[in-house]
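A.B. asks: Okay, handing you the structure first.
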Amino acid sequence: MAIVAKSSRFSQFGRPVLAWGVGLMFFFPIFWMVLTSFKTDADAVKPEHLIWFTPTFENYLNMTENYDYWRFAKNSVITAVLATAFTLCVGIPCAYAMAFNPSRSTKDVLMWMLSTKMLPAAAVLYPMTFITKSAGLFDTHFLIILVLSLINLPIVVWMLFTYFKEIPKDIIEAGQMDGVNTWGEIKEILIPLAWGGIASTALLCFIFCWNEAYWTVRLTTTDAATLSKLIEGNRAPEGLFFGRLSAVSAAAVGPIVVLGWFCQKQLVQGLTFGAVK
Amino acid sequence: MSARKLPRLLQTPAVLLLLVWMLIPLGMTLYFSFIRYVLNNLRRPEWTSPSLSNWRGFGNYEFVLNSKDFLFAIQNSLFIVCSILFLTVILGILIAVLINKTFPGQGIVRVLLISPFFVMPAVNAVLWINMILDPVLGLQGIAVGSINELLDSLRNAPLLGWFFSLWPDLAPISFRATQTSAYAVIIMVTWQWTPFAVLIFMTSLQSEDQQQKEAAILDGASTWSQFRFLTLPHLARPIAIVVMIQAIFHLSLYAEIEIVSRGNGNKNLPYLIGEFANNNIGAASATGIFAVILANIVAIFLLRMIGKTLME
């Protein structure tokens, strides 16, 4: 009885207080970035204006002038959206084939796909630079879209495969009986049934594309440069521009963090390849 | 037969794309790693284009293995990866166990906790190294400065002033030096990836056998021994998964190193490859092959584990 009483006192007061403390601590750097983004550059480094300051929107209003933010944001949106769309177009038929017409090699193919995800990107840095420069693709949207698609394709196929596997085979087979062809099956039966799974896969893929920071930095200079490249290029403001840099950083991560809140569950699936249930 | 052939053909685009993506660049890296290939060399212009006549055998590998930079980069990569793994797993378990029970605001705490994971690496690095860790203008500098000010005023206090005058002033740490910037990278990546560990451990805790736990409580098992003998063994597998996935991701850590440590000597393998690739492509490729081998050691174990659950 004593143990029960002790543990319940902890869970009544200790646990919530501790848990909230930990949660706020982890969120603090993001909060601090957002807070700093409402300070002028001068206020941002003054200890007396640490918490009390006159909030200003100038950092957000001047983002175009200071950093050409929207050009980079546009590139991020274009590459992430199109890469996600392309990955789904290739990934859905592939996962469909694997889930409903598996062969003996399906498992090996899937494992091999995942293994491509585990190759360190840096190992092929020079060949990629070489190929893209000689093909005239360096620093183009097309290249970044292709690369983002390829690095996310294994995860997308894997996630879709796990969702499709849950759909009873009978439903698909009933469609076959009715004389629906393969495209019809995918379009009329599979996609409506697995809509939720496809949507969350797409969301996760979009987030990964948006945050990618190796190829987008190494294979772009200006034309296709994304937000990762923009922030990377302003790595050392030496305290001069803390306010405006915070604003542009907050604008770069804000939408994604919010989107991320909605796909916590899928994140576990997508990143552990289903190995944790 | 043909009715089943078409569906199977549907996987070919994906397979072909990934095959090309994997084989061509990797094949080129392998090829470049066996030839002399530099971008600029006035005395030996024939080395500036890839050709079989510049065959060097294992010369690039030898060169890389004998360079101080490489050994340091391997050591540093392992130091950074292992530190991050250690911290994220310990913190992840503690936090997951803490927030797994219901309490007021559990949903909000979860959202707060998971947020760092979605911050793009470049922003993570810029935010930490400037706004938080900067020794003068960041929060660290401001905190150290105000503690020193407080000490100063205490030294002038009557009676106890002599006691405080024995205390030294605090010195802020600059996180842009070689060793300290490795710590900075560890801090920021741990901040970003602890939520990932928490999320996975929580998912796993939800499938813990509750009856077993109740039986243990009835038998008078302490909270600690419940954790030690029931929860921890249950978490063994997710811990292994978290360790391996993170190892693979962090072995190719790039943006954080590039932003925090550019030119200060704190290198890991991907950064060293980038440096070599500015001129000595042969050495960059040989280093790349070493990176592939290192990642594969982890990947084989991970794939085997995933494979077991794949078809269930």
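The values are calculated or read from the model by the stated rules, or taken from the named source; none is laboratory data. It should be emphasised that the depicted structure is a prediction, and the values quoted were computed from it without experimental measurement. So basically every Cβ, Gly included, is an ideal-geometry build from the backbone, and we count neighbours across all protein chains shown. Areas reflect the complete protein model, heavy atoms only, side chains present, ligands, DNA and RNA absent. Shrake-Rupley method; radii C 1.70, N 1.55, O 1.52, S 1.80 Å.
A.B. asks: If A:ALA122 meets every condition in (1) at the interface with another protein chain (Cβ under 8 Å from one of its Cβ atoms); (2) closer than 21 Å to B:LEU6 by Cβ apart from one, which number is that one?
C.D. replies: Single failed check for A:ALA122: (2).
A.B. asks: Only one residue in A:LEU88, A:LEU119 is within 30 Å of B:LEU251 (Cβ to Cβ) and either among the small types (Gly, Ala, Ser) or in a helix (DSSP H, G or I) (or both), so which one is that? Steps first, please.
C.D. replies: Details: A:LEU119 fails: either among the small types (Gly, Ala, Ser) or in a helix (DSSP H, G or I) (or both).
A:LEU88 is the lone residue from the list that is within 30 Å of B:LEU251 (Cβ to Cβ) and either among the small types (Gly, Ala, Ser) or in a helix (DSSP H, G or I) (or both).
A.B. asks: From the list B:ILE273, B:ILE306, B:ILE259, B:ILE293, which residue is open to solvent by 10 Å² or more (accessible area, probe 1.4 Å) and out of contact with any strand residue (DSSP E or B) (no Cβ under 9 Å at 6 or more places or on another chain)? Break it down stepwise before answering.
C.D. replies: On the way: B:ILE273 fails: open to solvent by 10 Å² or more (accessible area, probe 1.4 Å); B:ILE306 fails: open to solvent by 10 Å² or more (accessible area, probe 1.4 Å); B:ILE259 fails: open to solvent by 10 Å² or more (accessible area, probe 1.4 Å).
Just one listed residue meets the conditions, B:ILE293.
A.B. asks: For the stretch B:266-273, indicate whether the set of residues that are modelled with pLDDT under 85 and of a type in the set (D, E, K, R) is non-empty.
C.D. replies: The answer is no, given that none of the residues of the stretch B:266-273 is modelled with pLDDT under 85 and of a type in the set (D, E, K, R).
A.B. asks: Another one. Go through (1) more than 12 Å from chain B (Cβ to nearest Cβ); (2) open to solvent by 30 Å² or more (accessible area, probe 1.4 Å) one by one and return the number of the condition A:MET63 breaks.
C.D. replies: (2)
A.B. asks: A further question on this structure: Working only within the stretch A:82-119, note down all residues that are farther than 24 Å from A:PHE206 by Cα and more than 7 Å from chain B (Cβ to nearest Cβ).
C.D. replies: A:PRO102, A:ARG104, A:SER105, A:THR106, A:ASP108, listed by residue number.
A.B. asks: On the basis of being surrounded by fewer than 18 Cβ atoms within 10 Å (Cβ to Cβ) and under 27 Å from A:ALA213 (Cβ atoms), does B:SER67 make the cut? Quick ask: steps written out before the conclusion?
C.D. replies: Values: surrounded by fewer than 18 Cβ atoms within 10 Å (Cβ to Cβ): yes; under 27 Å from A:ALA213 (Cβ atoms): yes.
The answer is yes for B:SER67.
A.B. asks: Right, something else. Could you say which residue among A:ILE256, A:ILE198, A:ILE189, A:ILE207 is out of contact with any strand residue (DSSP E or B) (no Cβ under 8 Å at 6 or more places or on another chain), outside the structural domain of A:ILE144 (by TED's automatic domain parsing), crowded, with 17+ Cβ neighbours inside 10 Å and among the hydrophobic types (A, V, I, L, M, F, W, C)?
C.D. replies: Numbers: A:ILE198 fails: outside the structural domain of A:ILE144 (by TED's automatic domain parsing); A:ILE189 fails: outside the structural domain of A:ILE144 (by TED's automatic domain parsing); A:ILE207 fails: outside the structural domain of A:ILE144 (by TED's automatic domain parsing).
None of the other options fit; the residue is A:ILE256.
A.B. asks: Here's something else I'd like to know. Can you give me the number of residues within the stretch B:112-133 that are surrounded by fewer than 24 Cβ atoms within 10 Å (Cβ to Cβ) and within 22 Å of A:ASP43 (Cα to Cα)?
C.D. replies: Result for the stretch B:112-133: 1.
A.B. asks: Please verify whether the stretch A:102-117 includes one or more residues that are assigned by TED's automatic domain parsing to the domain that holds A:LEU153, aromatic (Phe, Trp, Tyr), surrounded by fewer than 22 Cβ atoms within 10 Å (Cβ to Cβ) and in contact (Cβ under 8 Å) with a residue 24 or more places away in the chain. Step through it out loud before you land on a result.
C.D. replies: Going through the stretch A:102-117, the residues assigned by TED's automatic domain parsing to the domain that holds A:LEU153 turn out to be A:102-117.
When the remaining residues are screened for being aromatic (Phe, Trp, Tyr), the result is A:112.
With surrounded by fewer than 22 Cβ atoms within 10 Å (Cβ to Cβ) added as a condition, the list becomes A:112.
Among the residues that remain, those that are also in contact (Cβ under 8 Å) with a residue 24 or more places away in the chain are: none.
Looking through the stretch A:102-117, none of the residues is assigned by TED's automatic domain parsing to the domain that holds A:LEU153, aromatic (Phe, Trp, Tyr), surrounded by fewer than 22 Cβ atoms within 10 Å (Cβ to Cβ) and in contact (Cβ under 8 Å) with a residue 24 or more places away in the chain.
A.B. asks: Can you name every one of the helices (runs of 4 or more DSSP H) wholly within the stretch B:161-246 that holds 2 or more residues which are over 30 Å from B:GLN140 (Cβ atoms)?
C.D. replies: Working: elements: B:161-164, B:178-205, B:210-218, B:223-226.
So the answer is B:178-205, B:210-218, B:223-226.
A.B. asks: Which residue out of B:ALA157, B:ALA184, B:ALA143 is assigned by TED's automatic domain parsing to the domain that holds B:GLY92 and of a type in the set (Gly, Ala, Ser)? Quick ask: steps written out before the conclusion?
C.D. replies: Values: B:ALA157 fails: assigned by TED's automatic domain parsing to the domain that holds B:GLY92; B:ALA143 fails: assigned by TED's automatic domain parsing to the domain that holds B:GLY92.
Of the residues listed, the single one that is assigned by TED's automatic domain parsing to the domain that holds B:GLY92 and of a type in the set (Gly, Ala, Ser) is B:ALA184.
A.B. asks: It is to be established whether one or more residues within the stretch B:230-239 are within 16 Å of the chain's Cα centre (by Cα) and either on the phi > 0 side of the Ramachandran plot or modelled with pLDDT of 85 or more (or both).
C.D. replies: Within the stretch B:230-239, the subset within 16 Å of the chain's Cα centre (by Cα) is B:239.
If we keep only those that are either on the phi > 0 side of the Ramachandran plot or modelled with pLDDT of 85 or more (or both) as well, we get B:239.
Yes, the stretch B:230-239 contains a residue that is within 16 Å of the chain's Cα centre (by Cα) and either on the phi > 0 side of the Ramachandran plot or modelled with pLDDT of 85 or more (or both).
A.B. asks: Here's a check for you: in the stretch B:198-224, which residue that is among the polar types (S, T, N, Q) and more than 11 Å from every other protein chain (Cβ to nearest Cβ) is most open to solvent (accessible area, probe 1.4 Å)? Explain how you work it out, then say what you get.
C.D. replies: Of the residues in the stretch B:198-224, the ones among the polar types (S, T, N, Q) are B:203-204, B:206-207, B:210-212, B:222-223.
Retained after the next criterion (residues that are more than 11 Å from every other protein chain (Cβ to nearest Cβ)): B:210-212.
Working: B:GLN210: 99, B:GLN211: 147, B:GLN212: 100 Å².
Among those that are among the polar types (S, T, N, Q) and more than 11 Å from every other protein chain (Cβ to nearest Cβ), it is B:GLN211.
A.B. asks: Now for a separate question. So B:VAL97 clears everything in (1) without any contact (Cβ under 8 Å) to a residue 40 or more places away in the chain; (2) among the aliphatic types (A, V, I, L, M); (3) surrounded by fewer than 23 Cβ atoms within 10 Å (Cβ to Cβ); (4) in contact with a Ser or Thr (Cβ under 8 Å, 6 or more places away or on another chain) except one condition, right? Which one?
C.D. replies: Single failed check for B:VAL97: (1).
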